[in-house]
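Step one of this worksheet: look at the structure below.
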Amino acid sequence: MIAIHPIIKYGPGALLPAFLLAGCATTSVMPKPYLPAVDVPALAETDPVGTGHADAADDPAIWRNAADPAASLIVATDKKAGLYVYGLDGKVRDFVAAGALNNTDLRTVRLADGSSRILVGASDRTDKAEPRIALFSLNGSTAKLTELGTEPFLPAGHAPAEAYGFCMGAPLAAGELARAYVVLKDGTVTESRLVERGGAIVPEHLRDVKFATQSEGCVVDDATHTLYVAEEDAGIWRVALAAPALAGEAFARVGAADGLVDDIEGLGIAREADGRGWLVASSQGDNAYALFDLGTGAFTGRFRIHGGAIDGTSDTDGIEVVLGDFGPEFPEGLFVAQDGDNAPQAQNFKLLSWRAIREALGIR
Ligand code: CA
Ligand code: CA
Ligand code: CA
Ligand code: CA
Ligand code: CA
Ligand code: CA
């Protein structure tokens, strides 16, 4: 696949540079569209990740501190090095050198002894043939991560497979803390339940569903027990988790009608207190984010991160969004996006106000 610089724009009738025409003649690669979107500025950015001169920052997760919303935390991966914790000012609060952790998610779980824990999970691709789920406990007061272990979960003797995407959802049966989904690079989505065993929290593999080509981004909508998966070159699938077997149903497709330019990367769920909600997707191919109404499935609108004092985003992989009070700067919710180009510094993550996104798109 030929990489085309993401800021090159091709409108109808535009003349293509000769090198691209030459490329088209021999490879049939078509230039990607650059679809309309409204601009929303970033309000803050994280410190750059430690791995410079590389595609390294990848995927965030958000913990909302309900007792002190402005003290909420962001957990995010440097996919070549490990896991960071940031405050809403973007400053590093903790880092664990845990290896090649690609995507991360978190949720509060209740243990058998009645205590609760902020459980952070990540897809561990340190061994490119043996996918693992790495687990951590996050202390919401100190912002420190504690490693709980990294475990393989596929049946013994499975074919070599690489861990890629990761997300978690609510438990679906008694005796489990959560469900965990690892998207393998070949498009296989694996479901495990996380259980307490012998004083540890470990994954137990349950079911799979396979999409045709490379897939990564995933998110669970706990309100409807639905898993959404991004097949990068093709579209977004939804999977009903309460069904006896996992099966994909087409939700959105690459193309102007659904506002998606491949690759489709990170996915997030923005759920209002009144029950309305949107799926947000990284339209990586034209540096934008597309929203879909979770009630109707309809394409709602698109935005880019641009303007203001902080650089915008390009080539975004992971995103996350959580609605609710995050303090005065983020009064209705927090949106976080990986930024592929934070020159002259290493890659990082941008923070946006959900209110600003909502008002720019005219929703509500
Ligand atoms: Ca990247
Ligand atoms: Ca994530
Ligand atoms: Ca990509
Ligand atoms: Ca990807
Ligand atoms: Ca940037
Ligand atoms: Ca910057």
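Read-outs: derived from the displayed coordinates by stated rules, not from any lab. A quick note: this is a predicted structure, and the numbers were derived from the prediction, not measured. Here Cβ is always computed from backbone atoms with ideal geometry, including for glycine, and neighbour counts include all displayed protein chains.
Here, P(r) means the percent of Cα pairs in each 10 Å bin from 0 to the largest distance; for segment 216-364 it is 11, 43, 35, 10, 1, 0.
Here the dipole of the chain is about 300 debye; that uses its Cα centre as origin and unit charges on the Cβ of Lys and Arg (positive) and Asp and Glu (negative). For segment 247-253, putting each phi into the Karplus relation 6.51 cos²θ - 1.76 cosθ + 1.60 with θ = phi - 60° gives couplings of 8, x, 10, 4, 10, 8, 10 Hz, in residue order, rounded to whole numbers and with x for Gly and Pro.
Using a Förster distance of 22 angstrom, determine the FRET efficiency expected from the C-beta separation of ARG253 and HIS225, and round it to 0.05. Efficiency at R0 = 22 Å is approximately 0.40. Amide H contacts under 5 Å for GLY312: GLY307, restricted to partners 5 or more places along the chain or on a different chain, H placed in the peptide plane at 1.01 Å from N.
The H on the amide N of GLY187, modeled in the peptide plane, is under 5 Å from the matching H of SER215, each at least 5 residues off or on a different chain. A cut-off under 10 angstrom between Cβ atoms defines the neighbours of LYS144, and their net charge, with Lys, Arg +1 and Asp, Glu -1, is 0.
Over 19 Å apart at the Cα level, from the set LYS144/LYS185; LYS32/LYS185; LYS144/LYS350; LYS80/LYS128; LYS32/LYS80; LYS79/LYS350, are LYS144/LYS185; LYS32/LYS185; LYS144/LYS350; LYS32/LYS80. Both the radius of gyration and Dmax for the chain are 19.6, 67 Å, in that order, over alpha-carbon atoms. An oblate overall shape is assigned to segment 38-181, the ratio a/c of its alpha-carbon gyration tensor axes (a ≥ b ≥ c) being 1.5 or greater and a/b not exceeding b/c. For the chain, the share of DSSP beta bridges that are antiparallel, to the nearest 5, is 95%. With all pairs of separate Cα atoms included, segment 183-293 yields a Kirkwood hydrodynamic radius of 14.7 Å.
Relative to the longest principal axis of the Cα atoms of the chain, the long axis of helix 18-27 makes an angle of roughly 60 degrees. Could you state the number of Å between the C-alpha centres of segment 37-51 and segment 305-340? Result: 6 Å between the Cα centres. Under the criterion of Cα pairs below 8 Å and six or more residues apart, the relative contact order for the chain equals 16 percent.
For the chain, the 222 nm mean residue ellipticity estimated from helices alone, with every DSSP H stretch of n ≥ 4 adding -39500 (n - 2.57) and the total spread over all residues, rounds to -1500 deg cm²/dmol.
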